[in-house]
1. Using R₀ = 35 Å, calculate the FRET efficiency as 1/(1 + (r/R₀)^6) where r is the Cβ-Cβ separation of residue 167 and residue 4; round to 0.05.
2. Residues with amide H under 5 Å of residue 95's amide H, sequence separation 5 or more or different chain, H placed in the peptide plane at 1.01 Å from N; which?
3. As a quick test, which of the pairs 78/149; 75/125; 125/167; 75/108; 78/180; 100/149 have an alpha carbon distance above 21 angstrom in this structure?
4. Helix 2-29 sits at what angle to the longest principal axis of the chain, using alpha carbons and giving 0 to 90 degrees rounded to 10?
5. As I understand it, the dipole of the chain uses +1 on the Cβ of Lys and Arg and -1 on the Cβ of Asp and Glu, about the Cα centre. Which of 46, 107, 168 lies farthest toward its positive end?
6. Which three lengths, in whole Å and largest first, does the range 23-180 cover when its Cα atoms are put on their principal axes?
7. Out of residues 5 or more away from residue 163 or on other chains, whose amide H comes under 5 Å of its own, with H placed 1.01 Å from N in the peptide plane?
8. Assuming 0.36 nm per residue, please report the length gained on full extension of the stretch residue 158 to residue 72 beyond their Cα-Cα distance.
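Please treat every number below as a calculation from the coordinates, not as lab data. As the structure is a computational prediction, the values presented were derived from the model and not from experiment. Here the Cβ is made from the backbone with ideal geometry for all residues, glycine too, and neighbour counts use every protein chain on show.
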Amino acid sequence: MKEHTRREVYSWIKSFAFAFILAFLCRHFLFSPTTVFGESMEPTFQDKDRVLISKISDVQRFDMIVFQAPDADEKYIKRVIGLPGDSVVMKNDILYINGKAVDEPYLKENKEEAFGNLTGDFSLKELTGETRVPKRLLFVMGDNRLRSKDSRIFGFISDDSIIGEVKFQFFPLQGIGLPK
């Protein structure tokens with residue numbers, strides 16, 4: 001009987017060790033939970049919302065990403081606006097990417113509450129001295145344009161600083177689901 005108990009305990013230890021190693025590898029290489037801090041992504045995300053990020057996503061325009069802030073020892077969550085090679089201009093609250101007007105439906109609520117333009121006019125040339133987003137860099141902005149510290153302030157971000165793409169919101173429960 002003692003040998004049977006020893007084998008059972010050993011079996012449980014192996015199972016827990018395997019589960020722990022698997023969870024560690026998934027969190028480190030595939031996905032990770034993170035917390036939204038601040039109001040720069042309102043109303044899409046509120047302060048203290050919890051989201052799940054994918055670390056293996058191919059980042060596209062308008063994806064929401066978490067990255068290491070270039071100007072602080074923090075993580076920021078922002079929306080990708082300009083990809084390498086893109087020209088980005090904001091004029092009269094209309095975003096132009098490569099000369100074409102782009103709809104930003106995620107800003108509708110904020111635009112309704114704004115007095116005047118939500119986003120001030122700018123071009124990449126005025127902000128960064130560049131006419132297009134350079135290779136391996138991204139131009140990002142928060143959805144709450146009046147209260148967002150983003151590429152308009154700190155410039156481009158390196159694709160090396162990306163931690164992951166936001167894929168799922170799991171807290172608060174009334175906001176659970178895929179991000180908009």
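1. Working: r = 45 Å, r/R0 = 1.28.
For residue 167 and residue 4, the calculated efficiency is 0.20.
2. 102
3. Details: 78/149 9 Å; 75/125 26 Å; 125/167 32 Å; 75/108 26 Å; 78/180 13 Å; 100/149 25 Å.
Where the Cα-Cα span goes over 21 Å, the pairs concerned are 75/125; 125/167; 75/108; 100/149.
4. 10 degrees
5. Going by the Cα projections, it comes out as 168.
6. 46, 36, 27
7. Under 5 Å from the amide H of residue 163 lie the amide H atoms of 66, 67, 68, each far enough along the sequence or on another chain.
8. Values: separation 86, 0.36 × 86 = 30.96 nm, distance 1.43 nm.
Using 0.36 nm per residue and subtracting the Cα-Cα distance, I get 29.5 nm.
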